[in-house]
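Inspection log for the structure reproduced underneath, given as structure tokens.
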Amino acid sequence: MLRTTRGPGLGPLLLQAALGLGRAGWHWPASRAASGGRGRAWLQPTGRETGVQVYNSLTGRKEPLIVAHAEAASWYSCGPTVYDHAHLGHACSYVRFDIIRRILTKVFGCNIVMVMGITDVDDKIITRANEMNISPASLASLYEEDFKQDMAALKVLPPTVYLRVTENIPQIISFIEGIVARGHAYSTAKGNVYFDLKARGDKYGKLVGVVPGPAGEPADSDKRHASDFALWKAAKPQEVFWASPWGPGRPGWHIECSAIASMVFGSQLDIHSGGIDLAFPHHENEIAQCEVFHQCEQWGNYFLHSAINYSDSAMLQAQQLLLGLGSFLEDARAYMKGQLACGSVREAILWERLSSTKRAVKAALADDFDTPRVIDAILDLAHHGNGQLRAAPKEPGGPRSPAVFGAIISYFEQFFETVGISLANQRCVSGDGSEATLHGVVDELVRFRQEVRQFALAMPEATGDARRQQLLERQPLLEACDTLRRGLTAHGINIKDRSSTTSTWELLDQRTKDQKSAG
């Protein structure tokens, strides 16, 4: 899914880096993928077949994505622990899963119900709040809003509902009580409650297969076994707490997601997503808790994980590709308007290529969201379309073929809108003033230059010396037009003279602007 495992190619960079993604795959590190315990007794779900193959961390391979209910797919996403600003890891993970959600919804017709849990009480939150001399609730509220604004800036769609830990304490307590009642957890004299991993037996380790050994425990630990993990933490002095059957305290980290997801979706979950760093122990412990509580063999059917590998060079290269694609679309629009003169267009070939591109894109998306193949197909169509728009040496005659270019433009815009990129913004001019106003100013400036240039290039009616004199007098006008174009290039605006009578403009990225200015 959103893989970059192919050889040299521009496709993955364009989509991933344009959305803040690096060159990172979704699959497990080789050391974990080789472990023999993963995927034991995985049960293929029954229900609606989506037509998509997805890499499932539970099995370490691609599986057909089947959702339990035809009307809606259930998806739980681990949200942030809101003690600080969101970081690059959050951006990479949530953008990737947003793309998958958009593709499943808009391409394959899945109605997705997504729940995101927000950890708004935690050791880190309490520590940071004490450092800032504010309440943990105030700190969590501040950074939760900050996180949501960051996600909106990245065009990540919000979940169907956010659920905070502090607003669901009774449900979490009830969930812990159920695990204790089933003999898989125990309380201590200090008021802690732990999950008993020995009671889970060999069913623990569905995600990682070989479970890492426990970390060192303090001498005063009241666990029965070092690998047991906390469901409920007894309150420490000066800490926020809630009343419970085991005394005042607060939930452990792993239990909150299990309880919140179960509260909405019950004993079966279609999709669970999160960063690769959450697979163990967080997601592994969620599986254990939920399968014990619900007394089921398989709680979550598909676990999706991302990794992080960010590169500034990949981002820059992707920006170049995206601007290049935007340039082709501007040329195609200019052709539709009659502003671009070119030779005869092989219309039937372009219609066929558009049709085959649509088929190739959907097939690639159905194959574990294989975006390298998707973008390669789209760039190949743009390449052939661009080849048909080569400027003719003179004004061509014969029929024109604007409809096929309009269809290509529409398809490109629809696809990129699906994954959260708006190609319509490529010509926005940044600055303190209104973008619409600046856009209009550039339009008027280019139109004025076009009229001056058209006058300067018009052949004089005089002959002989008089004609040569008129051409000589008009030469400064052409030089002024060239000077204006170079000046605008320095400001990131590229004027294209389509013919002697028409000109259009587009934005340049910073590197292209510097290169053109130097030239």
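Just the residues that are open to solvent by 20 Å² or more (accessible area, probe 1.4 Å) and not in a helix (DSSP H, G or I), please, taken from the range 267-276.
S267, Q268
Residues A279, A243, A259: which one is crowded, with 22+ Cβ neighbours inside 10 Å and out of contact with any Cys (no Cβ under 8 Å at 6 or more places or on another chain)?
That would be A259, the only listed residue that is crowded, with 22+ Cβ neighbours inside 10 Å and out of contact with any Cys (no Cβ under 8 Å at 6 or more places or on another chain).
Counting just the residues of the range 282-325 that are aliphatic (A, V, I, L, M) and not in a helix (DSSP H, G or I), which one comes out least open to solvent (accessible area, probe 1.4 Å)? Explain how you work it out, then say what you get.
If we filter the range 282-325 for residues that are aliphatic (A, V, I, L, M), which is where we start, we get 287-288, 292, 304, 307-308, 314-316, 318, 321-323, 325.
Going one step further and asking which of them are not in a helix (DSSP H, G or I), we end up with 304, 307-308.
Working: L304: 6, A307: 27, I308: 101 Å².
Ranking the qualifying residues of the range 282-325, first place goes to L304.
Working carefully through the options E417, E413, find the one that is under 30 Å from A377 (Cα atoms), open to solvent by less than 70 Å² (accessible area, probe 1.4 Å), acidic (D, E) and modelled with pLDDT of 80 or more.
Working: E417 fails: open to solvent by less than 70 Å² (accessible area, probe 1.4 Å).
So the residue among E417, E413 that is under 30 Å from A377 (Cα atoms), open to solvent by less than 70 Å² (accessible area, probe 1.4 Å), acidic (D, E) and modelled with pLDDT of 80 or more is E413.
Any idea which of I375, I308 is within 30 Å of A91 (Cα to Cα) and at pLDDT below 90?
I308
When you check S430 against the structure, is it at pLDDT 85 or above and open to solvent by 40 Å² or more (accessible area, probe 1.4 Å), yes or no?
In short, no.
Taking interchain pairs and intrachain pairs at least six residues apart, which have beta carbon atoms under 9 angstrom, with the first residue in the range 207-231 and touching a residue at least 40 places away in the same chain (Cβ under 8 Å) and on the phi > 0 side of the Ramachandran plot and the second surrounded by 14 or more Cβ atoms within 10 Å (Cβ to Cβ) and in a loop (DSSP other than H, G, I, E, B)?
Listed by first residue and then by second, the contacts come to G209/S35; G209/G37; G209/R38; G209/G39; G209/G60.
If you scan the range 243-266, which residues turn out to be closer than 23 Å to Y76 by Cβ and either in a loop (DSSP other than H, G, I, E, B) or among the hydrophobic types (A, V, I, L, M, F, W, C) (or both)?
G252, W253, I255, C257, A259, I260, A261, M263, V264, F265, G266 - these are the residues of the range 243-266 that are closer than 23 Å to Y76 by Cβ and either in a loop (DSSP other than H, G, I, E, B) or among the hydrophobic types (A, V, I, L, M, F, W, C) (or both).
The values are calculated or read from the model by the stated rules, or taken from the named source; none is laboratory data. Note that the structure is predicted; figures quoted are calculated from it, not measured. Note that each Cβ is placed from the backbone with ideal geometry, even for glycine, and that neighbours are counted across all protein chains shown. Ligands, DNA and RNA are stripped out before the accessible areas are found, and what is left, the full protein with its side chains, is counted by its heavy atoms. Shrake-Rupley method; radii C 1.70, N 1.55, O 1.52, S 1.80 Å.
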